[in-house]
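Let me begin by presenting the structure, written as structure tokens, before commenting on it.
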Amino acid sequence: MKASLAAHAAAMEITDPVYINRPRNRANSRNRPYGGSFMGGAIYGLNALKLTGKSIEEEREWQNQRLQSLLPDEIVNLVLETRKVKEKGFKDLRD
């Protein structure tokens with residue numbers, strides 16, 4: 001929890017929107033996996049890609065393929081639905 005809070009504090013000191021995603025990604029990857037907070041790391045990664053002009057669709061596809069190779073279909077579907085809901089809160093990922 002301390003590492004997560006320190007990473008969020010570091011993000012507040014950064015002004016470049018691309019680089020803000022890096023400590024936020026780290027902060028979310030250290031959170032306990034409850035309430036979908038585990039998705040934050042993947043979503044901040046997508047946000048950083050979009051801000052640099054790269055394809056987030058390619059990254060989403062890679063994430064989906066990795067999930068499908070590691071987890072049963074019902075878990076994959078749950079993760080993908082959770083990602084959709086969580087992404088709605090990220091204004092930079094909205095179309």
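So, residue 48, is that one under 19 Å from residue 14 (Cα atoms) and either in contact with a Gly (Cβ under 9 Å, 6 or more places away or on another chain) or buried (at least 18 other Cβ atoms within 10 Å of the Cβ) (or both) or not? Judged against the criteria, residue 48 is a match. Pairs meeting the criteria (first residue in segment 29-52 and closer than 15 Å to residue 63 by Cα and among the β-branched types (Val, Ile, Thr), second residue assigned to a loop (DSSP other than H, G, I, E, B) and modelled with pLDDT under 75, beta carbons under 8 Å, at least 6 apart or on different chains) are 43/90. Can you find even one residue in segment 15-36 that is outside any helix (DSSP H, G or I), at negative phi and modelled with pLDDT of 70 or more? Within segment 15-36, one or more residues are outside any helix (DSSP H, G or I), at negative phi and modelled with pLDDT of 70 or more.
Got at least one residue in segment 66-84 being surrounded by fewer than 17 Cβ atoms within 10 Å (Cβ to Cβ), closer than 23 Å to residue 16 by Cβ, under 15 Å from the mean Cα position of the chain (by Cα) and at pLDDT below 90? Checking segment 66-84: not a single residue is surrounded by fewer than 17 Cβ atoms within 10 Å (Cβ to Cβ), closer than 23 Å to residue 16 by Cβ, under 15 Å from the mean Cα position of the chain (by Cα) and at pLDDT below 90.
Residues in segment 68-91 that are of a type in the set (A, V, I, L, M, F, W, C) and touching a residue at least 40 places away in the same chain (Cβ under 8 Å): 3 in all.
Based on what the data block shows, is residue 60 crowded, with 16+ Cβ neighbours inside 10 Å, at pLDDT 85 or above, over 22 Å from residue 16 (Cα atoms) and charged (D, E, K, R)? Talk me through it step by step, then tell me what you get.
Working: crowded, with 16+ Cβ neighbours inside 10 Å: yes; at pLDDT 85 or above: yes; over 22 Å from residue 16 (Cα atoms): yes; charged (D, E, K, R): yes.
Judged against the criteria, residue 60 is a match.
Of all residues in segment 51-95, those being in a helix (DSSP H, G or I), out of contact with any helix residue (DSSP H, G or I) (no Cβ under 8 Å at 6 or more places or on another chain) and of a type in the set (D, E, K, R) number 9.
The values are calculated or read from the model by the stated rules, or taken from the named source; none is laboratory data. These numbers come from a predicted model, not from an experiment. Virtual Cβ from ideal backbone geometry, glycine too; neighbours counted across all protein chains shown.
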